[in-house]
Amino acid sequence: MTLGNVEKEFTAAKYQQDELHIEQTALSKIADAVGTPAYVYSKSYLTDQYNLLSEALSSTPHQIHYSVKANSNLAILALFKSLGAGFDIVSAGELSRVLAVGGDPKSVIFSGVGKSVEEINFALKAGIGCFNVESRGELLRIMAQAELLGCVANVAIRVNPNVDAKTHPYIATGLKENKFGVTKEEAFALYLLAADHPAINLTGIDCHIGSQINEPEPLLQALTSILELRDTLEKEGISLQHIDLGGGFGVRYQDETPLDINDWGASVGQILGGRDLQLRIEPGRFLTANAGVLLTRVEYLKIADEPDHKNFAVVDAAMNDLLRPSLYQAWHEVLPVEKSSNAQPLEWDIVGPICESGDFLAKQRSLALAEKDLVAVLSIGAYGSVLASNYNTRGRAPEVLVDGAEFKVVRRRETIQDQLRLELKLELDQAGH
């Protein structure tokens, strides 16, 4: 893959006069202002992806619920809210973030297998739009809490249709061996259980079979499967208003052929045509992944003294800043911020300063590098900053949103004082007690 193909075909980062930019802003300018490592996002790319998805479903009554877990920065949530998005959440913390940007609670879908009593009560009091229920125990808990609070909970049952999403096993969620959802048979029983309960309003049916799905067939197969259950429920007098297909739409990281969202949208429209149903979807990665880069600087170059040994480029970003390569063996393209004609290209492992052999961002990349060079790790807008940690007592990196020729820090760099503020020293006497 050439650099030309990388920048042209899928990423928000593009070279202008041999220097990498996000929109009209040079990444070197951002590095000078905020330091490295830093997450940098393109506002126009985020907007374009949302509009692309909405237009693909223009012939189908639909609502897009942005999956907050992909990137929960308040500025990004506010942007999607302004574009008309609702939200898909999996925790009370994510609900708090949606409320913090003025999101309408009625636009919120609460997914996830482990909702606590406290989280359910918070969501009920806030007046969220729908719970995606993932087990019998959860349904009984929501019934009890809604009755206790004197309110009605809108509910959809998440069906596990046993469809192979053909993706990484860690992000497959639609097979029987996965923890998510219930079988069609159990879902049918749960709908019957909840149908006459005064504190439950059955509004829809839900599924989500996995992430990074690049073929339409599994998604369409899942749709057909849960439509069959919906039709069966209609015969039992249970009428549902929406069908939720989750998300998981694949994007390009390396040389994948991403899901053709327009063809998928057309197929969904044909299947749902004539049905009085609102379609709901929960995209995350599709909207944000390729909008962002992780900006980092080369600290040291360790050049092998034997031909069969590795060359290491030690950068100031690490696995605590981008976990996906260590966790999933995920590929992220790495580009120099400034193209250089001086350094000789070599094959490098791009590694961080954390004391783990698993601390790497990329392996076996042919790059012309020198110490202090800036490099950009692409496709980090989803599951980049949200998976960051303080491992090795490293502060989390700042987040920057670019809008044309301007940029704004939308999360400042975390300091050591920020980390220590949450902890208490144990005061011991001279005897150590």
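Values quoted throughout were computed directly from the atomic coordinates according to the rules given, and no laboratory measurement underlies them. Worth saying up front: this structure is predicted, and the values here are computed from it rather than measured. All Cβ positions, glycine included, derive from the backbone under ideal geometry; neighbour counts span all protein chains shown.
Taking only Cα atoms, what is the 0 to 90° angle, nearest 10, from helix 261-272's long axis to the longest principal axis of the chain?
10
What list of whole percents do you get for P(r) of the chain, with Cα-Cα distances grouped in 10 Å bins up to the one holding the largest distance?
Per 10 Å bin, starting at 0, the Cα pair percentages come out as 4, 20, 28, 23, 15, 7, 2, 0.
Treat every Asp and Glu Cβ in the chain as -1 and every Lys and Arg Cβ as +1, leave all other atoms uncharged, and give the resulting dipole magnitude about the Cα centre to the nearest 20 debye.
Magnitude of the dipole: close to 760 debye.
What is the chain's relative contact order, in percent, from Cα pairs under 8 angstrom and six or more apart in sequence?
Dividing the mean separation by the residue count of the chain yields 19 percent.
Sort 107, 357 so the one with the fewest other Cβ atoms within 10 Å of its own Cβ comes first.
Fewest to most other Cβ atoms nearby, the residues stand as 357, 107.
Any chance you could give the angle, 0 to 90 degrees and rounded to 10, that helix 74-83 forms with the longest Cα principal axis of the chain?
On a 0 to 90 degree scale, this one is about 50.
How much length is gained if the chain between residue 235 and residue 340 is pulled fully straight, taking 0.36 nm per residue apart and subtracting their Cα-Cα distance, in nm to one decimal?
So the chain would gain 31.0 nm between residue 235 and residue 340.
Within a 10 angstrom radius of the beta carbon, how do 234, 423 rank from fewest other beta carbons to most?
Lowest count first: 423, 234.
Run the helix sum for the chain: -39,500 (n - 2.57) per DSSP H stretch of 4+ residues, divided by residue count, reported at 222 nm to the nearest 500 deg cm²/dmol.
-8500 deg cm²/dmol
Fewest to most neighbouring Cβ within 10 Å: what's the order for 296, 36, 393?
By the 10 Å Cβ count, ascending, the order reads 393, 36, 296.
Against the longest principal axis of the chain, how steep is helix 216-235, in degrees 0 to 90 to the nearest 10, with axes from Cα atoms?
20
So which lysines pass the test for residue 184, namely a Cα distance under 17 Å, with those fewer than 8 places away in the same chain ruled out?
Within the straight-line cut-off, residue 184 pairs with 176, 235.
Modelling each spin label as a point 7 Å along the Cα-to-Cβ direction, I'd like the residue 427/residue 305 distance in nm, to one decimal.
5.5
Taking the Cβ of residue 382 as the centre, find all other residues whose Cβ is under 10 Å away and add up their charges (Lys, Arg: +1; Asp, Glu: -1).
Here the count lands on +3.
Calculate the translational D of segment 111-283 in whole µm² s⁻¹ from Stokes-Einstein, where the hydrodynamic radius comes from the Kirkwood formula applied to all Cα pairs, the temperature is 4 °C and the viscosity 1.567 mPa s.
Calculated translational D: 78 µm²/s.
Would you mind checking 29/408; 29/310; 43/69; 81/106; 69/106 for any pair whose Cα atoms are more than 23 angstrom apart?
Violating the 23 Å limit, Cα to Cα: 29/310.
For an R0 of 41 angstrom, estimate the FRET efficiency from the Cβ-Cβ distance between residue 54 and residue 409 and round to the nearest 0.05.
With a Förster radius of 41 Å, E is 0.90.
Pop a pseudo-label 7 angstrom from the Cα along the beta-carbon direction at both residue 363 and residue 418 and give the gap in nm to one decimal.
Going from the residue 363 label point to the residue 418 one covers 3.1 nm.
In a Gaussian network model over the chain where Cα atoms closer than 10 Å are linked, find which of 210, 269, 292 has the largest mean-square fluctuation.
269
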